[in-house]
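The values are calculated or read from the model by the stated rules, or taken from the named source; none is laboratory data. Computed from a predicted model, the values in this text were never measured in an experiment. In this analysis, Cβ positions are derived from the backbone assuming ideal geometry, glycine residues included, and neighbour counts consider all displayed protein chains. Side chains are part of the model used for accessible areas, which takes the heavy atoms of the whole protein and leaves out ligands, DNA and RNA. Shrake-Rupley method; radii C 1.70, N 1.55, O 1.52, S 1.80 Å.
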Amino acid sequence: MTTNDATLAELNERYKDKPVSEATYEIDGQLFTVTSHYVGEKSLDKELYRMAFERAYAETVGQV
């Protein structure tokens, strides 16, 4: 079963022991709470490289 095929209850059970963090952000006077669930399905090294590359590229072509 992939994550896309799982029900919310199944996902909750599968990842119940994984770390979770919450952060609250205020945007234009409205509060938003972001809940992050760390399930270990992505390579942190690859994600950080991808984000750094995209930002460097955007800065190079003047999109930032």
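By DSSP, the beta bridges lying fully in the chain are antiparallel in about 100 percent of cases.
Please sort by residue number the GluC sites (Glu not before Pro) in the chain whose DSSP state is loop and whose Cβ has at most 15 other Cβ atoms within 10 Å.
Sites meeting the loop and neighbour criteria: 41.
Just the C-alpha atoms of the chain: what Rg/Rh do they give, with Rh taken as the Kirkwood radius?
When Rh is taken as the Kirkwood radius, the ratio is 1.10.
Extension gain, residue 60 to residue 12: 0.36 nm times the residue separation minus the Cα-Cα distance gives 13.1 nm.
Here the chain is treated with +1 on each Lys and Arg Cβ and -1 on each Asp and Glu Cβ, and its dipole about the Cα centre works out to around 180 debye. For residue 45 and residue 21, the difference between the fully extended length at 0.36 nm per residue and the C-alpha to C-alpha distance is 6.7 nm.
With a 1.4 Å probe rolled over the protein heavy atoms of all chains, the accessible area of 18, 42 falls in the order 42, 18, largest first.
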